[in-house]
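Following: one structure in structure tokens, then a few remarks.
The values are calculated or read from the model by the stated rules, or taken from the named source; none is laboratory data. None of these values were measured; they are calculated from a predicted model. Neighbour counts run over all protein chains shown; Cβ positions are idealised from the backbone, glycine included.
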Amino acid sequence: MVKDSIPVYYQYFIGVDGGGTGTRVLVVNAEGQEIARGNAGPSGLMHGAEAAWKAILSAITQAFQQANLALPPLSVMAVGCGLAGVNNRQWASEFIAANPGVAGLAVETDAGTTLLGAHQGQPGAIIALGTGSVGEVMQADGSRREVGGWGFPSSDEASGAWMGLRAINHLQHALDGRASMDEFAQALLNFCGGTRDAVFAWLAQANQTKFAQLAPLVLEFAEKSGRAKNILLEAGIEVEKMANALDPSGTIPVALCGGLAEAIWSYLPERLLQRVTKPKGDSALGALILAKSQLLKS
């Protein structure tokens, strides 16, 4: 982080990790010193550009408050954003057009910034497991390729939403008598309102984020319910498929990232455990790397 290269109007660099469940930001000053981190609600673009910017600005405001600093004008900020939904070009264009006045803006998929953060800009692969899921690899020549990331419900294998969709299906089977009403199904029923009619009402409002809210119950009951455990074992198999697609040679480091990475680790196939690593940095750091690499060129 070279101060002399930074335009005077970039007094702060901010890395944004924006997903379907929450937003995390990392703020550094012109000298590259970390100022603070902040959190807010979801800023994945499936929620709309206005909602995304509202969450991002809220997280930035919180970060400066935690640092006991007055919120500076947006015109001195360079912001790198790794956002879920950037693959949808219309959503990405709407987000960029809605820029509330930040001096510099670099936008990438959350997978891209997770990749940059996990290997600190060096070659490698990542599989990110959160509300959604995606895998991406960067080769030594800088070329990149993505696996998954097609969006929920058709893709996002091994994600929180994917787990939640299978969990609610288990509850449906239990309510119908096609499966036993075990502790797992009862906990799901209680979460959704306690009655069959309440489940219908919950489903009518359910989106990717709401389905992902059921993932903690899958994890909680994995050792008590065969179905919950099988969901996680199935997720582990899906992670392995992504790893093999990203790196058929098995020679590139594959970092398992995201909010569900730690929880699913023990459910991965044994042969995959020999290949995966933990990330060196998070998506917010990757977004910071993105901002500096793109915006300092201009």
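Summary of values
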item: Among residues of the range 129-154, those that are over 12 Å from the mean Cα position of the chain (by Cα) and not in a strand (DSSP E or B), counted; result: 10
item: Any hit, the range 83-98, residues being under 22 Å from the mean Cα position of the chain (by Cα) and at positive phi; result: yes
item: Condition broken by residue 283, with the remaining ones in (1) surrounded by fewer than 22 Cβ atoms within 10 Å (Cβ to Cβ); (2) within 30 Å of residue 26 (Cβ to Cβ) satisfied; result: (1)
item: Criterion: under 23 Å from residue 169 (Cα atoms), more than 19 Å from the chain's Cα centre (by Cα) and either not assigned by TED's automatic domain parsing to the domain that holds residue 285 or not basic (Lys, Arg) (or both) - qualifying residue of 214, 233, 219; result: 233
item: Residues that are free of Cβ contacts under 8 Å to residues at least 12 places away in the same chain and among the hydroxyl-bearing types (Ser, Thr, Tyr), drawn from the range 208-252; result: 249, 251
item: Odd one out for residue 159 among (1) out of contact with any strand residue (DSSP E or B) (no Cβ under 6 Å at 6 or more places or on another chain); (2) at pLDDT 95 or above; (3) under 30 Å from residue 280 (Cβ atoms); result: (1)
item: Residue ID - nearest to residue 241 (Cα to Cα), chosen from residues in the range 155-183 that are of a type in the set (Ser, Thr, Tyr) and over 14 Å from the mean Cα position of the chain (by Cα); result: 155
item: The one condition in (1) surrounded by fewer than 24 Cβ atoms within 10 Å (Cβ to Cβ); (2) within 27 Å of the chain's Cα centre (by Cα); (3) modelled with pLDDT of 95 or more; (4) more than 26 Å from residue 223 (Cβ to Cβ) that residue 198 fails to fulfil; result: (2)
